[in-house]
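Presented below is the structure to which this report refers.
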Amino acid sequence: MPPWRGIRRTLGSMLFPGRAERRIDEEIRLHLEFLEEDLLAHGTPPDAATRQAQEVFGDKQRVKQRCADALALPVRTHRKGLGDMLTLDIRFAIRNLARRPGFTAIAALTLALGIGVNTVIFSLVNGVLLQDLPYEEADRVVIPSAVLLDRGGMLIGSSYPEFTEWTEQRQIFESIAAFELAPFDLTGGEEPERIRSTVVSPEYFSLWGARPLTGRTFTPDDYRDGDDQVAVLTHGFWQRRFAGDPGVVGSEILLNEAPYTVIGVVDEATVWPRGSDIWTPMFYGDPLPRFARRWDNSWLRVMARLQPGVDVEQARAVLVGIAERVAADMPAIRGSYSAEVVPLDEWIVGDQIQTALLVLMGSVGFVLLIACVNVANLLIARSAEREHEVAVRRALGAGKGDLIRQLLAEGMLLAGAGAAAGILLAVWGIRFMVASIPDDVMRLDRVGLDGTVLLFVTAVATLSAVFFALVPAYFSSRGELTRSIKETGRGPAGGRASQRARSTLVVAEVMLSLVLLVGAGLMIRSLSAATRRDPGLRTESTLTLGLRLPRARYPDAEATDRFYLDVLDRIEQIPGVESSTAFLSTPLGLSTYNLFRAHLEEGAPEPPAGPEYSAQWNTVLPGFFRTLGIAVLEGRAFTDRDNTSNEPVMIVSRNFADEMFPGESPLGKRVRSWRDENVYRTIVGVVGNVHQFGMGQAPNNIVYVPRLQAPGLSPQAIAVHTSVDPLSVLPAVRGEIWNQDPALPITNIQTLEQAAADSLGPDRFIARLLALFAGIAVVLAAGGLYGLISYSVTQQTREIGIRMALGAGTGDVLADVLRRALVLTSVGVLVGLAAAFALSRVLGSLLHDVSASDPLTYLAVALVLGGVAIAASIVPARRATKVDPVTALRYE
Amino acid sequence: MTEPKSELLHGTLDMLVLRVLTGGPRHGYAIAQDLQQLSADVLRIEQGSLYPSLYRMEKRGWLKSKWGTTEKNRRARFYQLTRQGHRQLASESAGWEEFADAVARVMEATDER
């Protein structure tokens, strides 16, 4: 017989043994009714019919027994299976909870808050950290990179010969590709447009298994010199620029004035990195120029797909082995290099975000704990009230198991209600959070309520339910049985044990909320320290714009300089403009071009014999420091005479000078960027440090070089210092630029003030969330404290009455209650301070200028909690003073 | 109230019930009625034996049952043959025919001695 039917039947009879019995009864009854009807139809009088039907049928009990035998069932009318009992329990639990709507509502809402907040953060963690990348088998894709050991393990990409060696390591790499991002000017169509290309080596598309939507992708032939160059379009670009015309395949486009044939279209969602419009081949044609083939020129970015079964460790070991061999062969240039392999998902997310998310997850876990503790407290208080009922049930034969099951049912109902409400809260919360996270902080496309998140909610709710059932169960099944049946219910209800337990729980709440407050406090102080930091330049009243002059129309330095000098001249004529300048890299994180070079003093040995000093290069026009308000600390700024006819010079930032020339003035020293330009420059000035990458990071070492002495590095941005609101002159500035060159794309328009604020976006986000959680935690803890004190005051009405009758004044009573509250709070605070001290290490990397054990924060938080405790207990304390001794004693 | 004219071994009862059910699902009382009618009133089973028989056969997997409503909108448990039940009926009726033949042969054979 089909197995499932048998299983169902067995299960059914196990859980609901009564059911089969009821069926037998019902069938017999029906049969008798049918018999009766027939007899009546044949004219038998009614009472005779009943009797006759019975006779015809036979002995009902015997039939029933025989049926039961046939089903092999024990027939015991009063036995209930687990299924019956649970149904009863649940119905009972519903009735119980409904009888105390206030309690149920508070408990459910508290839970909803805890669960809801956890769900929101978990969905964030899930979407950013846990979800797999949306690429095919992305867990096997890694980023191999060379590592500079003497730069603290900085990852720097790879050099060309290094990449070539890595491509031979087929035992670890299934495929490997180099890539770079490069801008191109697209001309020849309607409007010229500056687009971005991901320039890739031959294996790129096969690494991703990307199939073209139309046409084809690159083959090795496309990399050979001679024929036209080819390009592959992204789907987005194809739609936008070519309206999805399938005829684009085979057509020609002009990139930087050179003809490229479009050979295919690929969906950019299937590959990484994104954000470009086209793909073009790397290493095209002729052998690469010599400098591009040097071992010490790490200009390539590399990605690779591991062979199945090979893990990151093995790959790393192989690459480190190669690096060590090369270091031994060429100690001068590769002595301090090693290698690293980073999985793609780690590479994309980055360390800081990971830390931040983990901190948030931990915090929100604390909030949930506090919420659960609150509800547990409520339940303990209630179980104290229900002692009488429990005692009666136990006297009637209910076992410990039955009582626990009942409590479990109540706990699950509460947890279920809390979870349901929490999910609703989370839906709204997630939407709100996604809308308010700054875009570049993290990618949020996979954040939402999906299966994993719901599973999480279920798990959390179940754990909470078990917690709620066990805690009060522990207290209700202890030996308060006899006492409560006899007594009329006076005296501290629940006995010493449950009172102690509730107090402990409240102390735990205080401790947890203190930890959260400390965390929030530290983040807030860090944030305010960061905002008050000196950015190193003037942020008010300054506007920046990015300009990229296309090589086609500005083929040499002269043309570029002419453009800039003319346009800056015109801009300075605009009313409201104080000054303007042009430069390579925009500060405060706005730059799109960041160039780092290594420097040596004259006479100093080359590495590895001696150290080299790294700094970011910025080429600037004269007037740069004045326009941006960067302080010149020593020496001078650049002038027009710093050009190719005169001595090569440089100006350095304070931190670079201190690092390279500690304790002495760097003025007059001769320094060269020895890996590329290799020309000695004299340091003529020292300027203040600038937060080049935003207020959230320490200022880097910067070397400034006059534009006129670095013809290869043309400016890519201008800054305009105004005496009025900078955005108000924007239209005029744009107008002047387009007067000069109508086809010039302007990018990245931003005021420095906005950029400074934006660069702290992630910090601000975390600080706000932590503050929110800490706030919730404090409110919940205060609620818990209030509940506890209030309850104990009520229970001790008689004692208070006696004391007042014996002469205690209202002041004494008040002090008593408050003292109780403060003792509890102090214990919680002390333990919490210790815990916070230990846990705040975790925040380490997120804090600027504030130590994780900053005493001011700890003190402030302790005082705040003390104040909250007093506030929470004031009301019940005052109630205690209003006790009328006469009334209180009347209920003796 | 008449006494049942023939007692039936419960194996035979099972076979008859199976046979009745080849006409489609029926509830307990209807099966009893059918047996009575089809046998031209000769067979009147003790009603109390019917249900144990039905339950026994259901447990063995020859029948399945579920609640349903009669024409008069009464709630009743309807029984129906399973595939296994069909097979059981076939084998039992083959056995019964063999038995009936054998009995007939014995009864006729004594005449010839």
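Derivation of every value follows stated rules applied to the coordinates shown; laboratory data play no part. From a predicted model like this one, the values you see are computed outputs, not experimental measurements. Glycine gets a Cβ as well: all are built from the backbone with ideal geometry, and neighbour counts include every protein chain shown.
By the helix-only formula, in which each DSSP H run with n ≥ 4 contributes -39500 (n - 2.57) and the sum is divided by residues, chain A has a 222 nm mean residue ellipticity of -17000 deg cm²/dmol.
Put +1 on the Cβ of every Lys and Arg and -1 on every Asp and Glu Cβ in region A:295-428; which of A:Val427, A:Leu357, A:Val341 then has its Cα farthest towards the positive end of the dipole? Of the candidates, A:Val427 comes out farthest on the positive side. If you restrict to DSSP beta bridges whose two residues both lie in the protein assembly as shown, what percentage is antiparallel, to the nearest 5? So the antiparallel bridges amount to about 80 percent of the total. Taking other Cβ atoms within 10 Å as a rough exposure proxy, A:Ser436, B:Ser53 sort from fewest to most as A:Ser436, B:Ser53.
Provide the FRET efficiency to the nearest 0.05 for the A:Glu257-A:Leu455 pair, computing r from the beta carbons and using R0 = 51 Å. So, using R0 = 51 Å, E works out to roughly 0.35.
Taking label positions 7 Å along the Cα-Cβ direction at both A:Met154 and B:Thr12, the computed distance is 10.4 nm, reported to one decimal. Here r is the Cβ-Cβ distance between B:Trp96 and A:Leu86 and R0 is 51 Å; the resulting FRET efficiency, rounded to 0.05, is 0.55. Placing R0 at 45 angstrom, the Cβ-Cβ distance between A:Arg641 and A:Trp295 gives a FRET efficiency of 0.70 after rounding to 0.05. Taking the DSSP beta bridges with both ends in region A:567-697, the antiparallel portion is around 75 percent. Listed by number, the DSSP H helices of chain A that run 30 Å or longer by alpha-carbon position along their axis and have mean Kyte hydropathy of at least -1.0 are A:17-41, A:101-125, A:351-385, A:400-436, A:451-476, A:495-532, A:761-795, A:810-839, A:855-881. Approximating the spin labels as points 7 Å out from Cα along Cα→Cβ, the B:Thr22-to-B:Lys66 distance works out to 2.5 nm.
Label separation (A:Ser206 vs A:Tyr223): 1.0 nm, computed from points 7 Å beyond Cα along the C-beta direction.
Annotation for region A:579-644: GluC sites (Glu not before Pro) lying in DSSP loop with at most 16 further Cβ atoms inside 10 Å of their Cβ are A:Glu602. Remark: the A:Asn739-A:Arg170 segment gains 199.3 nm on full extension, using 0.36 nm per residue and subtracting the alpha carbon distance. The peptide list A:246-256, A:262-272, put in order of mean Cβ contacts within 10 Å with the highest first, becomes A:262-272, A:246-256.
Shown in residue order for region B:14-20 are the 3J(HN,Hα) couplings computed by the Karplus curve 6.51 cos²θ - 1.76 cosθ + 1.60 at θ = phi - 60°: 3, 5, 5, 4, 4, 5, 4 Hz (x for Gly and Pro).
Compute the signed sum of charges (Lys and Arg +1, Asp and Glu -1) over the other residues within less than 12 Å, Cβ to Cβ, of A:Asp849. Here the count lands on 0.
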